[in-house]
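Visitor: Pasting a structure below so you can have a look.
Readers should treat all values here as calculations from the given coordinates under stated rules, not as data from a laboratory. Because the structure is predicted, anything quoted here is derived from the model rather than measured. Please note: Cβ atoms are built from the backbone with ideal geometry, for glycine as well, and neighbour counts cover all protein chains shown.
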Protein chains: 2
Amino acid sequence: MPPSAPPIVDALRACVGERQVSTTPPDRVAYARDLWPRSQLDRLAGEAPQRPAAVVWPADAAQVAEVVALCRQHRVPIVPFGAGSGVCGGTLPIHGGVVLDLKRLKAVRQLRPADGIVEVEAGCVGERLERWLNRQGLSLGHFPSSILCSTVGGWVATRSAGQCSSRYGKIEDMVVDLEVVGGDGVVRRTPRADAGGVDWNAIYVGSEGTLGVITAATLRVQRLPTAQAFRGWRVPNIEAGVEIMRRAMQAGLRPSVLRLYDPLDTLMVGSDGDRKAAKGPLHSLKQGLLGKGGSGRGLRWALGHPRLSNGAVRLIPPGCLLLAVSEGSAAEARATDDAIAAIARGVQAEDLGEGPARAWLAHRYAVSFKQSRIYAAGAFVDTFEVATTWGEVRGLYDAVKAAVGRHVLVMAHFSHAYPGGCSIYFTFAGAGPTPQVMRARYDAAWQAGLDTAVTRGAAIAHHHGVGLSRGRHMGAAHGEAQRWFGALKATLDPDGILNPGKVFSEAPP
Amino acid sequence: MPPSAPPIVDALRACVGERQVSTTPPDRVAYARDLWPRSQLDRLAGEAPQRPAAVVWPADAAQVAEVVALCRQHRVPIVPFGAGSGVCGGTLPIHGGVVLDLKRLKAVRQLRPADGIVEVEAGCVGERLERWLNRQGLSLGHFPSSILCSTVGGWVATRSAGQCSSRYGKIEDMVVDLEVVGGDGVVRRTPRADAGGVDWNAIYVGSEGTLGVITAATLRVQRLPTAQAFRGWRVPNIEAGVEIMRRAMQAGLRPSVLRLYDPLDTLMVGSDGDRKAAKGPLHSLKQGLLGKGGSGRGLRWALGHPRLSNGAVRLIPPGCLLLAVSEGSAAEARATDDAIAAIARGVQAEDLGEGPARAWLAHRYAVSFKQSRIYAAGAFVDTFEVATTWGEVRGLYDAVKAAVGRHVLVMAHFSHAYPGGCSIYFTFAGAGPTPQVMRARYDAAWQAGLDTAVTRGAAIAHHHGVGLSRGRHMGAAHGEAQRWFGALKATLDPDGILNPGKVFSEAPP
């Protein structure tokens, strides 16, 4: 589609209204990006991303359907868009076309407290829904760190997990049914998750806008917990921390949060005073990574020499910070907290009291906002989460760290614990003499990390979705299922207009 | 396929061995049936079911693949078969062909206790797996009443729920990945449930052999609970009992069992002495239904006049029996039991102590074995489970009971409680002057029950699967999803040889 395509733009305006379609350069530039860090490296390298021809803000599902029908008629790609918080490039309009911003579909359609369900439109921002539910004494139990800038539809489309998924599950565990507009421009409701036969909601959860535009979701809600208990420990090493997490989850406990930081990540989250190792070059590195001073040059040097920096990290004492949050009724929160503490005592963990977990909670949504300082200093940073079974956790951590560490400085925390395993959330930072070298190192780090995860049979994504950063590895990770996707795609989106090139995707643009 | 088809039978024998293929009449008769009660009515009406041309017992997944490939080559239908406990006709070879008995695939392939998973072949009988796990200090947590005569593969294929699903979930919540032979005769493994993107396991769970032959499953296992607490109550009426169940589940409690019997079902499960109403005609009816004496003629008369019988049931006092089993650690079992008891006190429930729930546990698998006595008395009986939200439970119960009660005597219990709702398990019994009339009344009862469930937006199945008894209602229940199924079917089973006519099915034969 050429940058300006009057016939469809006029048709779109006739459908949703003059002011709800934009072809202005500022809007087209703004909607050519989400929070995928690679886009920033492209920009530094002087490359502009593909812009959409138009941005459309439909008012309701009926208008979404009309827009999709129009785009189908004109064979124009459509990218469904929530709040743009995606960190994998899933909403980039790599083939141009129309970005369909769903934020006007933000109503809570119905709450049925006795049935424990809420029906909410796709464009509702997460924090707004959660606060609204809280006023009814309820909670969705879904707290991604993007909650301030992500939507219900985005959560479902990307198979999101919140920080409390150990207790409340991932978004897929909350879906009762969905309202979806297919690539044929028809609004449909999926059968209830518990209908007899196959649960068809599953084909949409994680499909990232390629099989349909999610316009509303019925989700399970929880009673708002009446109590929370907080606890932190210094554990001797990663093994000890992972062991506590595994034992707690396999004992049938249901803490809402269990988070273990590796030594470098422990250093990063610790307060300056509480750790003797946080001195000298590592201290400077930390300050640099936190954007709290030091010269940009020093940071760039350290990140530009990842083997040296990762080597220096090995000098950090092996102790790790482990956090737990337990909740529910007062009795359950206390019982869970006590039971985890008893497990922790068994591995010589040092009880740090409530402070560290309370501090984490206070800043739980701040993570995404620190990265810009590193880019401002001329370096880059990204995160990369995988998941695996308990028996593989340590091996996967070591292997990914070794592979990625050739290109970037890398640290990790272990979170989203389940009875069968957990997620490993890697943070990596790098630098290079030119934007082109930076981007090559960034790509090499991702490639090395994903290759390692695939080789070891781990899940290549846990809660950030696939987008473009993982799309090329999906074939290896999903194998034959790519053909099953193809069958559904041909049926649900016969002309292939819905977010083309995503999920089982092409190379990054 | 004609009754004897030498070319494929010879080929099958060459593939799996002479003794692992049978075309003898006894085997073909035996495999023409599962536990669908309607087949018995057909037999009484003098109608023989369609027999398979052959029964095959492959040794492993590779042989399954070869058998499927051969059948594809000869365009011969295949019906995967576990232990034949299905009560909906899902394994009837309605188009003839080959019944593929998977019971030789019974190995536990691997147990990874640290990861909380077991990989087991499809033909492993449930009770055998559970006992084996128990010896390792583990449990699957899946206890269908058919556990003595149903298999892992059957559980996954029919989206089974066990009696403790309130705590441990349905089988779909336990599936990590599957080994499946497609209609093209290729063995494949599904991506792990937690792989990025869509969870493809979902398309096989509940597909009842129409999209692939499940040959093995990796399932999540639990630590064996160390304590159980039992409690029973007499509640004033159904509303009070449902209210206790709802409040308990929405308070975040996780009992393994909550079961509420309606007044007639309460009478049926109660011991003779413990209920004053259990006298006179109702007492005789109960004895007849339990096959404990009384004249078959009296039972047939009562069941042949359902309006009168259901009317008489209204004279039973409205009190209902509610059972709860709580488990986990000793502390958790006690805490859950106490919390439910506190809720029950709030609705004037009379605490009956441990006895009734212990009695239920002792006979938990006996339900399927009582029905033959009723058939022997010249009547019929079947069960029919649906599921709905808490707000709809009472309305659905009344509506189904009214609709079904025009044709048969009907009772129900409420079980499989979740935070959002529960299952209603109807038991109905009828009679008629001729086998043909009996079958017509049986069909009318099913039709009325399913029509009512669809109309009220309830799930038409909870844990028995679809089979033939619900197949004609799946279109109404699943709507457009029937087309999605078609797309997958065309890809996964290109020649349509896998259990043809099931799930979205034809009329019963």
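Visitor: How high is the relative contact order of the range A:227-455, in percent, counting Cα pairs under 8 Å that sit 6 or more residues apart?
Guide: 31
Visitor: Taking each pair of different alpha-carbon atoms in the range B:6-103 once, compute 1/r for the pair, average those values, and report the inverse of that mean as the Kirkwood hydrodynamic radius in Å to one decimal.
Guide: Mean inverse Cα-Cα distance, inverted, gives 13.6 Å.
Visitor: Here is a further query. For chain A, find the longest principal axis of its Cα atoms and tell me its angle to the long axis of helix A:330-345, 0 to 90°, nearest 10.
Guide: With rounding to tens, the tilt is 50 degrees.
Visitor: Report, please, the projected area of chain A averaged over directions, based on the convex hull of its C-alpha atoms, in nm².
Guide: Projected area, direction-averaged: 22.7 nm².
Visitor: Convert each backbone phi in the range A:479-486 into a coupling constant with the Karplus relation 6.51 cos²θ - 1.76 cosθ + 1.60 (shift: θ = phi - 60°), then list the ³J(HN,Hα) values in order as whole Hz, x for Gly and Pro.
Guide: Karplus values, whole Hz, x for Gly and Pro: x, 4, 4, 4, 6, 5, 4, x.
Visitor: Suppose only helical runs count, i.e. DSSP H with n ≥ 4. What mean residue ellipticity at 222 nm does that imply for the protein assembly as shown under -39500 (n - 2.57) per run, divided by all residues and rounded to the nearest 500 deg cm²/dmol?
Guide: Computed ellipticity for the protein assembly as shown at 222 nm equals -11500 deg cm²/dmol.
Visitor: Right, something else. Each residue of the range B:417-426 in turn: what ³J(HN,Hα) in whole Hz from Karplus with 6.51, -1.76, 1.60 and θ = phi - 60°, glycine and Pro shown as x?
Guide: Values per residue, Gly and Pro as x: 7, 10, x, x, x, 8, 9, 10, 10, 8 Hz.
Visitor: What do you get for Rg/Rh of the range B:108-223 when both radii come from the Cα atoms and Rh is the Kirkwood radius?
Guide: Reported Rg/Rh (Cα atoms, Kirkwood Rh): 0.94.
Visitor: When only alpha-carbon atoms are used, what values of Rg and Dmax, in angstrom, describe the protein assembly as shown?
Guide: 29.7, 97
Visitor: Please list 3J(HN,Hα) in residue order for the range A:46-53, calculated via the Karplus relation 6.51 cos²θ - 1.76 cosθ + 1.60 where θ = phi - 60°; whole Hz, with x for glycine and proline.
Guide: With the stated coefficients, the range A:46-53 comes to x, 9, 8, x, 4, 9, x, 6 Hz.
Visitor: Using a cut-off of 18 Å between alpha-carbon atoms, which aspartates and glutamates can reach A:LYS106, once sequence neighbours fewer than 8 places away in the same chain are excluded?
Guide: Hits, sequence-local ones excluded: A:ASP60, A:GLU119, A:GLU121, A:GLU127, A:GLU130, A:ASP177, A:GLU179.
Visitor: Let me ask you something else. How far, in nm to one decimal, is A:GLN447 from itself in the other copies if the label point is set 7 angstrom along Cα toward Cβ? Shortest first, please.
Guide: Spelled out, the distances from A:GLN447's label point are 6.6 nm.
Visitor: Looking at the range B:108-223, send over the antiparallel percent of its DSSP beta bridges, to the nearest 5.
Guide: Expressed as a percentage, antiparallel bridges in the range B:108-223 total about 100.
Visitor: Looking at A:CYS15, A:ALA48, A:ALA32, which one has the Cα that reaches farthest to the positive end of the dipole of the range A:1-61 (charges on Cβ: Lys, Arg +1; Asp, Glu -1)?
Guide: It is A:ALA48, whose Cα lies furthest towards the positive end.
Visitor: What is the average number of partner chain Cβ atoms found within 10 Å of a Cβ in A:329-339?
Guide: 2
Visitor: How far, in whole Å, is the closest Cβ of chain A from the axis that maps A onto B, and which residue does it belong to?
Guide: Checking which Cβ lies nearest the axis yields A:ALA202, 2.
Visitor: What is the average number of partner chain Cβ atoms found within 10 Å of a Cβ in A:154-166?
Guide: Partner Cβ neighbours, averaged per residue: 1.
Visitor: Could you give the alpha-carbon Rg of the range A:227-455 over 2.2 N^0.38 Å, rounded to two decimals?
Guide: It is 1.02.
Visitor: Which of the aspartates and glutamates could be linked to A:LYS502 by a straight reach, that is with a Cα gap under 15 Å, when you skip same-chain ones fewer than 8 residues away?
Guide: Leaving aside aspartates and glutamates fewer than 8 places away in the same chain, those within reach of A:LYS502 are A:ASP34, A:GLU208, A:ASP493.
Visitor: Between the helical axis of A:126-135 and the dominant principal axis of chain A, each derived from Cα atoms, what acute angle in degrees is found, rounded to the nearest 10?
Guide: 80
Visitor: While we're on this one: Using Cα pairs closer than 8 Å and at least 6 residues apart in sequence, work out the relative contact order for chain B, in percent.
Guide: Across chain B, relative contact order equals 17 percent.
Visitor: May I pose another question? Where both residues lie in the range A:6-104, what percent of DSSP beta bridges are antiparallel, nearest 5?
Guide: DSSP beta bridges in the range A:6-104 are roughly 20 percent antiparallel.
Visitor: Longer than 20 Å from Cα to Cα, which of B:LYS286/B:LYS370; A:LYS170/A:LYS401; B:LYS170/B:LYS401; A:LYS286/A:LYS370; A:LYS292/A:LYS370; A:LYS489/B:LYS489 are they? Say none if no pair is.
Guide: A:LYS170/A:LYS401; B:LYS170/B:LYS401, as the Cα separations exceed 20 Å there.
Visitor: Relative contact order for the range B:6-103: what percent, with Cα pairs under 8 Å and sequence separation of 6 or more?
Guide: Once normalised by length, the contact order is 35 percent.
Visitor: Would you mind giving the mean number of other chain beta-carbons within 10 Å of the Cβ of each residue in B:485-494, as a whole number?
Guide: Counting Cβ atoms of other protein chains within 10 Å of each residue's Cβ and averaging gives 4.
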